[in-house]
Amino acid sequence: MRELFFKLFKFGIVGASGVVVDFGVTWLLKERIGLNKYIANSTGFACAVFSNYMLNRIWTFESHDPNVAIQFSKFAVIALIGLLLNNGMIYLLTERQGMKFYPAKLLATGVVMLWNFWANYTFTFHP
């Protein structure tokens with residue numbers, strides 16, 4: 001159990017770095033370039049997926065699986081499900097509840113982090 005919580009802690013740190021990548025790219029594309037908020041959000045999310053995979057593979061789960069392409073594919077599928085959850089929550093919170101975009105994105109990101117950890121722990125990086 002202690003190992004699980006330690007991995008969750010490390011996953012959270014990696015996730016925090018991913019939030020910086022995600023929000024930074026999203027902000028740049030939405031605010032500076034003027035792209036649609038969902039396209040900007042999806043692009044930021046995709047950039048964070050790549051950086052998070054590398055950090056989680058090396059540091060959080062210390063994976064030595066030689067099938068990197070298969071492992072990344074699993075990680076990417078889980079992330080895509082997370083992206084659907086993320087965009088769905090942002091839609092519900094901004095369009096239906098009137099919440100501002102960035103607080104809604106932060107809340108959605110927290111919920112999706114729990115999904116991502118559970119799915120990657122049990123499916124992607126499980127020995």
- Query: Just to be sure, is residue 41 of a type outside the set (Ser, Thr, Tyr), part of a helix (DSSP H, G or I), touching a residue at least 60 places away in the same chain (Cβ under 8 Å) and over 25 Å from residue 4 (Cβ atoms)?
  - Reply: yes
- Query: Only one of (1) of a type outside the set (Asp, Glu); (2) under 19 Å from residue 12 (Cα atoms); (3) part of a helix (DSSP H, G or I) fails for residue 63. Which number is that?
  - Reply: (3)
- Query: Going through the range 22-38 one residue at a time, which ones are assigned to a helix (DSSP H, G or I), surrounded by fewer than 18 Cβ atoms within 10 Å (Cβ to Cβ) and without any contact (Cβ under 8 Å) to a residue 40 or more places away in the chain?
  - Reply: 24, 27, 28, 31, 32, 33
- Query: Do we find a residue being over 22 Å from residue 29 (Cα atoms) and among the β-branched types (Val, Ile, Thr) anywhere in the range 42-57?
  - Reply: no
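Bear in mind these aren't lab numbers, they're just calculated from the coordinates by the rules spelled out. Model, not experiment: these values are computed from the prediction. Neighbour counts run over all protein chains shown; Cβ positions are idealised from the backbone, glycine included.
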